[in-house]
4 protein chains.
Amino acid sequence: DRPLTVIAGPCQLESADHAQMIAGAMAEACAAVGAQFIFKGSYDKANRTSLSGKRGLGIAEGLKILQGVRAAFGCPVLTDIHDADQAREAAAVVDVIQIPAFLCRQTDLLLAAGQTGCVINIKKGQFLAPWDMANVAEKVASTGNQKILLTERGVSFGYNALVADMRSLPIMARTGYPVIMDATHSVQQPGGQGGSTGGQREFAPAMARAAVSLGIAGVFIETHEAPDTAPSDGPNMVPLDQMPALLRVLMAIDAVAKADPVRV
Amino acid sequence: DRPLTVIAGPCQLESADHAQMIAGAMAEACAAVGAQFIFKGSYDKANRTSLSGKRGLGIAEGLKILQGVRAAFGCPVLTDIHDADQAREAAAVVDVIQIPAFLCRQTDLLLAAGQTGCVINIKKGQFLAPWDMANVAEKVASTGNQKILLTERGVSFGYNALVADMRSLPIMARTGYPVIMDATHSVQQPGGQGGSTGGQREFAPAMARAAVSLGIAGVFIETHEAPDTAPSDGPNMVPLDQMPALLRVLMAIDAVAKADPVRV
Amino acid sequence: DRPLTVIAGPCQLESADHAQMIAGAMAEACAAVGAQFIFKGSYDKANRTSLSGKRGLGIAEGLKILQGVRAAFGCPVLTDIHDADQAREAAAVVDVIQIPAFLCRQTDLLLAAGQTGCVINIKKGQFLAPWDMANVAEKVASTGNQKILLTERGVSFGYNALVADMRSLPIMARTGYPVIMDATHSVQQPGGQGGSTGGQREFAPAMARAAVSLGIAGVFIETHEAPDTAPSDGPNMVPLDQMPALLRVLMAIDAVAKADPVRV
Amino acid sequence: DRPLTVIAGPCQLESADHAQMIAGAMAEACAAVGAQFIFKGSYDKANRTSLSGKRGLGIAEGLKILQGVRAAFGCPVLTDIHDADQAREAAAVVDVIQIPAFLCRQTDLLLAAGQTGCVINIKKGQFLAPWDMANVAEKVASTGNQKILLTERGVSFGYNALVADMRSLPIMARTGYPVIMDATHSVQQPGGQGGSTGGQREFAPAMARAAVSLGIAGVFIETHEAPDTAPSDGPNMVPLDQMPALLRVLMAIDAVAKADPVRV
């Protein structure tokens, strides 16, 4: 098995400079530990808790920024789409198209994404059992595109709370597709702050470590130089300056885990 | 408070004749007990568990059938949309536009629906706390359209299961918008049959009774003359021939409940 | 089916006078609406959230008070036991022995209770599925005592929260034993106040109404003249002065429900 | 931090020979990897799903077997008690007294256990939030006995299912007491086989690895040479012959984890 892949970036793209700064720091941190790096950034937050939440820069501006990141650092880039219409436009720029968790059962979106031929990262819905992701992946695979990633990001656990079930990682791995752990969204507290979503960023490293110890393909971690002022998901993002140390321990666990992988 | 409203119909529209048959039976059953009747039918099931599930007749054909039902029985008609683009087309025909539960946080869809001026029935997401529906309703209301209904249809409870929390009804009622109980989707077992969603139709009447006893505005009940052969949601639909008796007891409970409503 | 039985009283017995005052008010309120009344009071709270929570008067004093209530009002009395050793002592005084929810799988306690020949009210554990109560009841029935009541009091739903699943009532009724809805404990928020358990007493009437609409045998409602100063479970008890109005609407719903019971 | 402690043994004690066989194999496996070993065995299963489940050998016979194991292998031994009366008798033999999860709020049991001066391992109830274990530990600590272990064993997640929340480990560690992961009970499916409890033993290694990656004090793993024929908890026990390999990977992860512990 290959060393851990790290999908990282801010929740939403803020500006070209900001994206370059984070991408640069992460590319360096990943290179230092031998992890493959994929830059992540969203151009639109289409499902904010409330109308007053910032939506983002829009698809045209966002894709330009992602293109710039790839040109500057040579890393693959990932963004999420919210409508079948956006698939082709995004695919012209990005390497990985991501399907948001709430939308993971929307057939037309999955088909449109699959048809682009990009790698498709599907977030497991907060309302979905891990074994049900086989049906979801099948929708994408029906387009002839088998470049699929499946991501755990927590499951509903009472109100305004998620829990990350570590069993879901080996269960989703039974599909044969690489499995990713989203360490930051799985510590969200959806709607937990009334008009916005709370989070427990202090537990994101624990989520990443636990998942990596099972021998997964990659981790997804949103990061920001100042999470408390980020326009979205600040409460659950990992501060950028903590990423190098976190990656070091994750790579050490990854080496042990992949020498003796969990078999289920 | 006005007597109970009953939103009923098949899960998906199958043909003009089938819709007329069900609408006719339901209109008669509702008239017999003094309930207001709204006919419900879907032209597209955009998020089936698996790709092999039947999608439906499509928007053009579906809206024609709904128009026919309204013409024949003089009842309001409701359908659900899955994309902002469909809002205007649907609004030309239907009285009530419904927002599916998985999509209840998609801002553009909510805004497009609101802008039509139709009544908007928003299903509460399986991943959402009832108090978070205030933010959702606010997205629609921001368009100037306050004709909003909020529907409980169960919340995630472990894997492949939902639970209907009766507290959610008075909690959502605090918004001031009428609250509906979806008695059939709240007994779904999502993904519970592997490639399709299971259900416990035997509990749908219990869900409806419990909710009506709190003095809610309406119930949503999918029905079919032969649920076991229905193209979708058969396991949780109420057989059409059981509806008259169910409506009789619901109206009796409704009368008692509205004489002395729950206050929270 | 017989009219609704009402099991009511304070969470813990405070004094003979206090018990008589509550029992008197409840006996009168039940008589006024034609409900059968069972007085409930605990002599020991053996599983408080924290050590600083008040335990109660003890078994000797508590049983004396219960005896006094029965003598004064002629109503059956109920208390809960926490240890097999207490069964016989309690049985000398009370009509109904209650098994606490946390202890509902403790075989020796169930057998000892059953052997007394008293009516045994078993609270369903917060960790238990309703169909699993058949095994629990069977432990009591193995003693030859079939006078069993099964009580729903909410099931774990994330942390510090419960949800009352109305399906559990008809599911438990399949055993053939009468089913009771505990309307006040099902709105507890276990541990929700740090050192003590919180509650949402405002929803207790809704829980009772919903359950009664299904045609159950009885409701369990803790009540107090000043819940905010009660030594335990204050946050979820119904104020005593609200009980007469609540009973009126419950009896009205009960009449409708039992004329046309839910069949599952 | 010290290397991982391994609490292991069969679910219930079957005979002196059987206990010696398992203890011998585990002592050897633990010595081979440098883990501290504590032998675990129950003399009574006081809360079986149904009455027909085997109870065990009883306290006298069970304690004699545990004494024999300690004499033969020089390892500490652990057993669980179910009643305050048993504390003193068990304490005469065992090093660690365990409080079962269902009983973790029973004040008298906690006090009696604490008063023995033994190490007390408290299993977190399936109905309890991890932060609520501080109140539970405090009950034991009030006796002057601070030798407390806190064990995660899964939390209720819908019906007949548990989920292991990895956040609970660092949360419970905030108390200052060592934290243990019960890798086998956390994959139980309570009541999941009708008259008995099911399990997913294939996930127990994943639970252990994930937990150890956070730098916990120990793991609890029930094991049996032939789990499918074990008198209880067979579905979730790890086969004895798989333990050496599992311990090797756990110790490798433990070394990495403790070099760089999670801080919350």
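What to note about this one:
- Candidate set from segment D:21-35 (those that are surrounded by 17 or more Cβ atoms within 10 Å (Cβ to Cβ) and not small (Gly, Ala, Ser)); member that is farthest from residue C:83 (Cα to Cα): D:33
- The set of residues in segment D:216-236 that are under 13 Å from the mean Cα position of the chain (by Cα) and over 16 Å from residue D:198 (Cβ atoms) comprises D:217, D:218, D:219, D:220, D:221, D:223.
- Looking across segment A:157-184, the residues that are among the small types (Gly, Ala, Ser) and under 18 Å from the mean Cα position of the chain (by Cα) come down to A:164, A:168, A:173, A:183.
- Applying the criterion of being buried (at least 23 other Cβ atoms within 10 Å of the Cβ) and touching a Lys or Arg at 6+ places or on another chain (Cβ under 9 Å) to the residues of segment B:1-10, the residue that is farthest from residue B:251 (Cα to Cα) is B:10.
- Verdict on residue C:48 being within 14 Å of chain D (Cβ to nearest Cβ), crowded, with 17+ Cβ neighbours inside 10 Å and free of Cβ contacts under 8 Å to residues at least 40 places away in the same chain: no
Rundown of residues vs (1) surrounded by fewer than 21 Cβ atoms within 10 Å (Cβ to Cβ); (2) touching a residue at least 40 places away in the same chain (Cβ under 8 Å); (3) not hydrophobic (A, V, I, L, M, F, W, C), yes/no style:
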{"position": "C:12", "(1), (2), (3)": "no, yes, yes"}
{"position": "C:37", "(1), (2), (3)": "no, no, no"}
{"position": "C:93", "(1), (2), (3)": "yes, no, no"}
{"position": "C:103", "(1), (2), (3)": "no, no, no"}
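- Selection of segment D:129-139 for residues being among the aliphatic types (A, V, I, L, M) and either touching a residue at least 40 places away in the same chain (Cβ under 8 Å) or at the interface with another protein chain (Cβ under 7 Å from one of its Cβ atoms) (or both) yields D:129, D:133, D:134, D:137.
- Among (1) surrounded by fewer than 21 Cβ atoms within 10 Å (Cβ to Cβ); (2) within 14 Å of chain A (Cβ to nearest Cβ); (3) farther than 19 Å from residue B:18 by Cα, the one test that residue B:58 misses: (3)
- Every test in (1) crowded, with 24+ Cβ neighbours inside 10 Å; (2) within 14 Å of chain B (Cβ to nearest Cβ); (3) within 26 Å of residue B:128 (Cβ to Cβ) is passed by residue A:98 save one, and that test is (2).
- When segment B:130-179 is filtered for residues that are in contact with a Gly (Cβ under 6 Å, 6 or more places away or on another chain) and either among the hydrophobic types (A, V, I, L, M, F, W, C) or under 15 Å from residue B:216 (Cβ atoms) (or both), the ones remaining, listed by number, are B:140, B:157, B:161, B:162, B:164.
- Meets criteria (surrounded by 20 or more Cβ atoms within 10 Å (Cβ to Cβ) and at negative phi) for residue D:68: no
- Sole exception among (1) modelled with pLDDT of 95 or more; (2) closer than 29 Å to residue C:192 by Cβ for residue A:189, by number: (1)
- Among the residues making up segment A:1-41, those that are acidic (Asp, Glu) and under 30 Å from residue A:261 (Cβ atoms) are A:1, A:28.
- Candidates are the residues of segment D:105-121 that are in a loop (DSSP other than H, G, I, E, B) and away from every other protein chain (no Cβ under 14 Å); the one that is nearest to the chain's Cα centre (by Cα) is D:118.
- Counted residues, segment A:115-153 - those being buried (at least 21 other Cβ atoms within 10 Å of the Cβ) and over 27 Å from residue A:167 (Cβ atoms): 1
- Against the list (1) surrounded by fewer than 22 Cβ atoms within 10 Å (Cβ to Cβ); (2) within 30 Å of residue D:43 (Cβ to Cβ), the condition residue D:261 fails is (2).
- Residue A:41 vs. criteria crowded, with 19+ Cβ neighbours inside 10 Å and away from chain B (no Cβ under 14 Å): yes
- Residues satisfying the stated conditions in segment A:154-213, i.e. surrounded by fewer than 21 Cβ atoms within 10 Å (Cβ to Cβ) and over 19 Å from residue D:171 (Cβ atoms): A:174, A:175, A:176, A:178, A:193, A:194, A:195, A:196
- In segment C:122-130 there is at least one residue matching the filter, namely being assigned to a strand (DSSP E or B), of a type outside the set (S, T, N, Q), within 20 Å of residue C:38 (Cα to Cα) and within 16 Å of the chain's Cα centre (by Cα).
The values are calculated or read from the model by the stated rules, or taken from the named source; none is laboratory data. As the structure is a computational prediction, the values presented were derived from the model and not from experiment. Glycine also receives a Cβ, built like all others from the backbone with ideal geometry; neighbour counts cover every protein chain displayed.
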